[in-house]
Structures are given as structure tokens and as C-alpha cells.
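What follows is one structure encoded as C-alpha cells, with my remarks underneath.
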Amino acid sequence: MGNTPRMAHFRPRLLTHLQSLTKLSAFLLFALVFSCSGVGYAEDTPSDLNAGFQQMYNLDFAGAHDTFQKWEQLHPDDPMGPVSNAAAYLFSEFNRLRILEFDLFTQDENFVKRPKLAPDPAVRKDFESELVRGDQIANQKIAASPQDKQALLALVFANGLRSDYAGMVEKKNLAALNYSKASRVVAEKLLAEDPTCFDAYLAVGVENYLLSLHAAPIRWLLRMSGAQTDKEEGIAKLKLTAEKGHYLAPFARLLLAVAALRDKDQHTAHALLAGLSNQFPQNDLYRKELARIGP
């Protein structure tokens, strides 16, 4: 009870800070839609799904949809098919609405003052339809085998995707945080089953890095609630994913570039973005940001 007045004093500020987490969290947590997809057991990685994600990184959304839909037809009992297709819908909407512009995430004021978006209702319907299908297949598998890695992975994806749409498209910050928490909980369960699933470490990295950005009193309150707020730990986990991840490795490098820009480390950001630009030449986001930060 002795801490109650202090907690009450900080509660409004804590809520404000938690809501403001989406200035980076939805962007960073978009990476969760790729969590441990094939990492740790690359020999079993579906080559067609991998091709779809590579198309998505290159902004070839029509090609990605075609690849994922064909996978769904051939593998109707795999929840990763529809969930991957939902990711393509989300990322295409992010691209259309210019959500993944770096200055939104390196300049807090730009994020707060960003204009109201006009999401495509048809895309929203298709996005949610694919997620519902993925949920149904995944839950059926988990009912039969609670440790089913592919099913757990699909639920990590689905909750991460919903978090991103709620936070970045609809600006429903608390809903986004709830979805991201659900994604993290499932990711931790998956990591307990397979600690070599390197993409899943991104969840730990994102939490530590994001929450480390807040003032000391807020970090204290967050730690009291069980959160992790160690910036160095966060960056280390992001680097682990960037170096050893599979589908997520390119996106982890993008997140590290954002972190570098926030720390005014243009040299590191430039090197990361140059590598991504060479790897995915059709993605003009990297070129734009390279031009923005200069040589």
C-alpha cells in the first residue's frame, strides 16, 4: 500500500506512454508476423512460402498473393498459408498508405501528427478472412497436439498482424498492445519448445528496446508489471535475429537501421540499408531512406 500514491501519480503518464508505444511497436511488431517461420529447422522450410515472403519484401504483392494462394490450395491443412497471405494484404496496405516511412519512427512528433488514414475496406475484409481461416486451422491442430510448432507459429503471426493493423492503420493503440502481448505469449511458448527458432527472439528484442526508450520512472513501473526494458539486451536480440534468422532476417536489419537512426548513428544505418537495397532492388523504401540520410 505504501507505493499506491506513487503508482497513482504515474498512472496517467504510464497509460499515455503505453498508448504511444505504437509509434514504434506496430512497425517493429510487424516483424512478429515473420516470427520463427522455418528458423531452426531450415531443412523443412517450405520453398514456396519462402518465395512469397521474398516477393513481399520486394513489394511484389500480386506475386506474393499468387504464391501464398497456391500454397493454400496445395496444403489446406497448413495454417501458415492463409496467415502468410494476410501478411501480404497488410504489408501492401502499409505500402499504399506510406506507413513505413522512416521519419514516422525516428521523429516522434511526426508520428503523433500523422494524418488520419483511409484504409481500403476490401483489403480489410480479405485480411481478416485469411486470419480467421488461419486461426481455425491452427486451433484445430493445437487441440490435437498442444505443442504443434506450425500451429503455434501461425497464432504468433495472426496476433502480430492484428496488432499492426490496429495500431498503424486504425490507430487503436490499446487493442494493438493487447494483440502484441498475445503474440509474445505464444512466441515464448514456441521458444520453450525450440530455442533455436532465432526469429522468435525478435519478440524479446522489441520489448526490451521499445520500453527502454521511456523515462526512468516509466521503466520502473513497466518492470513492476513484468516487462523487460534493457536496451542493450533488445539490440542484442535484434542482432541475433538479423544474423541467424530466416524469413525475418531482412526485417530485423531494417529494425536495427531504425534504431541506429534514432541514436544518430548514420554510418550503421547506411550500411544496413545499403545491404537491404542491394538484396531487394524493387523495394524503393531502402533507396529513399538512403537518399534521406546521405552518404
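The values are calculated or read from the model by the stated rules, or taken from the named source; none is laboratory data. None of the values given here were measured: they were computed from a predicted structure. We place every Cβ from the backbone using ideal geometry, glycine too, and count neighbours over all the protein chains shown. Heavy atoms of the whole protein, side chains included, go into the accessibility calculation; ligands, DNA and RNA do not. Shrake-Rupley method; radii C 1.70, N 1.55, O 1.52, S 1.80 Å.
Some notes on this structure:
- For the range 244-295, filtering for residues that are at pLDDT 80 or above, closer than 22 Å to Phe91 by Cα and either among the hydroxyl-bearing types (Ser, Thr, Tyr) or in contact with a strand residue (DSSP E or B) (Cβ under 6 Å, 6 or more places away or on another chain) (or both) leaves 2.
- In summary, helices (runs of 4 or more DSSP H) completely within the range 64-168 and bearing 2 or more residues that are of a type in the set (D, E, K, R), modelled with pLDDT of 95 or more and more than 27 Å from Gln282 (Cα to Cα) occur at 121-144.
- Within the range 241-252, residues that are closer than 16 Å to Ala64 by Cβ and among the hydroxyl-bearing types (Ser, Thr, Tyr) reach partners that are open to solvent by 10 Å² or more (accessible area, probe 1.4 Å) and not in a loop (DSSP other than H, G, I, E, B) with beta carbons closer than 8 Å, at six or more positions or on different chains, in the pairs Tyr247/Asn50.
- Apart from one condition, Thr268 fits all of (1) under 25 Å from Leu213 (Cα atoms); (2) over 14 Å from the mean Cα position of the chain (by Cα); (3) polar (S, T, N, Q); (4) open to solvent by less than 50 Å² (accessible area, probe 1.4 Å); the exception is (4).
- Scope the range 271-295; condition within 22 Å of Ala62 (Cα to Cα), within 21 Å of the chain's Cα centre (by Cα) and assigned to a helix (DSSP H, G or I); matching residues: Leu276, Ser277, Gln279, Asp284, Leu285, Tyr286
- Cβ-Cβ under 7 Å pairs, at least 6 apart or on other chains, the range 275-287 side under 18 Å from Glu243 (Cβ atoms), far side among the aliphatic types (A, V, I, L, M) and open to solvent by less than 80 Å² (accessible area, probe 1.4 Å): Leu276/Leu254
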